[in-house]
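This report refers to the structure that appears directly beneath it.
The values are calculated or read from the model by the stated rules, or taken from the named source; none is laboratory data. This structure is a prediction, so every number in the text was calculated from the model and none was measured. Ideal geometry is used to build each Cβ from the backbone, glycine not excepted, and the neighbour counts take in all protein chains shown. Quick note on the areas: whole protein, heavy atoms, side chains included, nothing else; ligands and nucleic acids left out. Shrake-Rupley method; radii C 1.70, N 1.55, O 1.52, S 1.80 Å.
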Amino acid sequence: MQPLFSSKELEEICLIGENAAREHVLSVLDRHLIRSLNVRVTSERSGSGLDFNADVEIEVDPVVKIDLESLAEAAADRALETIDEKVRAKRVA
């Protein structure tokens, strides 16, 4: 059976997820206050299909008073939501 996505398509989908996570963080924080923003989205083929994971790490200027853990979690969730939309669209097409 042919996989639903090629390696190149999986890479593109992961990149779309990474961009969605970055956009979410930048919608909350000014770019100049961010010291480091690391986003990693991975895909793994499993028995039931595909699993995607998103990890977001944020370091900001000490003057910023925000719950970075919650922001990182929300950004990771946004990445996975965007990926889910993309995967659903592909399955329908």
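What to note about this one:
- Annotation: per residue accessible area for the range 1-44 equals 70 Å², rounded to a whole number [probe 1.4 Å, protein chains only].
- Label-reachable residues, the range 67-93, where backbone N falls under 11 Å from a point 7 Å from GLU23's Cα toward its Cβ: 79, 82-83
- Rg and Dmax over the alpha-carbon atoms of the range 1-48 stand at 14.6, 48 Å.
- Mean residue ellipticity at 222 nm, helices only, the chain: -18000 deg cm²/dmol; runs of at least 4 DSSP H residues each add -39,500 (n - 2.57), and the sum is divided by the number of residues.
- Residue-span extension gain [VAL64 to GLU85] - 0.36 nm each, minus C-alpha spacing: 4.3 nm
- For the chain, the longest principal axis of the Cα atoms and the long axis of helix 68-92 meet at an angle of about 20 degrees.
- Read-out Cα Rg over 2.2 N^0.38 Å, derived from the coordinates shown; its label in (i) 1.57; (ii) 1.22; (iii) 1.03: (ii)
- Karplus (6.51, -1.76, 1.60) ³J(HN,Hα), θ = phi - 60°, over the range 40-47, in Hz, Gly and Pro reported as x: 9, 10, 10, 10, 8, 6, 10, x
- For LEU15, the solvent-accessible surface with a 1.4 Å probe is about 90 Å², rounded to the nearest 10.
- Selected from LEU68, LEU33, LEU80 as most flexible by GNM, with the chain as the system and alpha-carbon contacts under 10 Å: LEU33
- Solvent exposure of SER6, expressed as accessible area, is near 50 Å², computed with a probe of 1.4 Å over the protein chains only.
- Karplus-based coupling profile of the range 8-18, in residue order and whole Hz: 5, 5, 4, 4, 5, 5, 4, 5, 4, x, 4, with θ = phi - 60° in 6.51 cos²θ - 1.76 cosθ + 1.60 and x standing for Gly or Pro.
- Across the accessible surface of the range 7-93, with the other protein chains kept in place and a 1.4 Å probe, carbon and sulfur atoms take up 46 percent.
- Looking at the range 24-93, the trypsin sites (Lys or Arg not before Pro) that sit in a DSSP loop and have at most 16 other Cβ atoms within 10 Å of their own Cβ are LYS65.
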